[in-house]
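I have placed the structure first, in the form of structure tokens, so that the comments after it can refer back to it.
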Amino acid sequence: MLAPRVIPCLDVDGGRVVKGVQFSDLRDAGDPVEIAASYEQQGADEIVILDVSATPEGRGNAVATVAAVRAVLSIPLTVGGGVRSMADAGRLLDAGADRVAANTAAVERPELIEEIAAQFGTQCAVISIDAGRRNGGWEVLTTSGTSRTGMDVGEWATRCAGLGAGEILLTSWDRDGTRKGYDTELLSSVSDLVTIPIIASGGAGQAIDLVAAIHAGASAVLVASLLHDRDLTVADLKATMTQHGIEVRT
């Protein structure tokens with residue numbers, strides 16, 4: 001087993017890092033290049049950039065931002081938001097992304113996952129799933145959380161794994177930005193169904209939340225507000241994980 005990864009997430013809108021609650025009420029959090037470089041220095045294992053307004057605005061991802069961030073990073077970079085086609089994926093990879101994450105477009109046309117995996121390799125194909133609680137389970141949300149699909153999250157995750165997705169970025173819409181902890185029930189439910197790695201996202205409020213997510217089946221933990229607000233550093237988070245018997249990458 002590979003050691004779990006700690007992955008800062010940069011939600012980007014208009015070339016700036018933003019943070020909100022349940023994908024809304026966004027506030028400015030700084031320059032993505034400066035922030036990404038800082039997190040790598042703190043010990044981040046990877047960086048994720050999500051262009052949060054690309055899909056709602058019907059445009060492609062901000063490639064210039066990706067290229068600028070890539071120029072200061074030596075760690076892996078995953079980029080999502082506005083990935084609708086193979087051409088979109090290719091542009092992001094050319095700009096320096098190591099992986100691309102698709103959500104809305106993959107729900108609308110699942111073949112996109114197969115195409116990205118076939119052309120660029122399974123390791124490049126990340127499926128981003130935004131999950132909202134409904135009737136005792138979870139349904140897939142799209143368009144930055146504004147559209148409810150009625151699709152069961154577990155069934156969709158299983159299908160995506162079968163289509164060639166190499167990893168699942170699993171975000172709890174209900175917990176996003178709340179700092180109430182990851183939805184460990186959601187993580188356990190999906191991790192029981194698939195064998196590909198799951199990145200836990202949405203709700204980290206303290207270092208111990210990362211420990212709970214790993215114990216629930218996550219292979220990696222996404223962190224945003226906790227770092228953006230400078231409550232803790234990546235090194236602080238890894239120290240707590242180590243104290244609780246979780247081997248981390250150095």
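What follows draws every value from the coordinates through simple rules; no lab data is involved. The model shown is predicted, which means the values in this text are computed figures rather than measured ones. Reconstructed Cβ throughout: ideal geometry from the backbone, glycine too, with neighbour counts over all protein chains shown.
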Quiz item: How many residues does region 206-228 hold that are touching a Pro at 6+ places or on another chain (Cβ under 9 Å), assigned to a loop (DSSP other than H, G, I, E, B) and surrounded by fewer than 22 Cβ atoms within 10 Å (Cβ to Cβ)?
Solution: 1
Quiz item: Here are some residues: 165, 200, 204. Which one is of a type in the set (Gly, Ala, Ser) and either out of contact with any strand residue (DSSP E or B) (no Cβ under 7 Å at 6 or more places or on another chain) or closer than 13 Å to residue 103 by Cα (or both)?
Solution: 165
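Out of all the residues in region 189-202, which are among the small types (Gly, Ala, Ser) and either under 16 Å from residue 160 (Cβ atoms) or surrounded by fewer than 23 Cβ atoms within 10 Å (Cβ to Cβ) (or both)?
Of all residues in region 189-202, those among the small types (Gly, Ala, Ser) come to 189, 191, 200-202.
Correct list: 189, 191, 201.
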Quiz prompt | Verdict on residue 181 being on the phi > 0 side of the Ramachandran plot and crowded, with 23+ Cβ neighbours inside 10 Å | solution = no
Quiz item: Consider residue 169 against the criteria (1) under 21 Å from residue 9 (Cβ atoms); (2) more than 16 Å from the chain's Cα centre (by Cα): it satisfies all of them except one. Which criterion is unmet?
Solution: (2)
Quiz item: With 236, 231 as the choices, which residue is out of contact with any Cys (no Cβ under 9 Å at 6 or more places or on another chain), of a type in the set (D, E, K, R), part of a helix (DSSP H, G or I) and closer than 18 Å to residue 39 by Cβ?
Solution: 236
Quiz item: Going through region 161-175 one residue at a time, which ones are touching a helix residue (DSSP H, G or I) at 6+ places or on another chain (Cβ under 6 Å), within 16 Å of residue 121 (Cβ to Cβ) and not hydrophobic (A, V, I, L, M, F, W, C)?
Solution: 164, 166
Quiz item: Where in region 66-159 are there strands (runs of 3 or more DSSP E), lying wholly inside it, with at least 3 residues that are hydroxyl-bearing (Ser, Thr, Tyr) and surrounded by 15 or more Cβ atoms within 10 Å (Cβ to Cβ)?
Solution: none
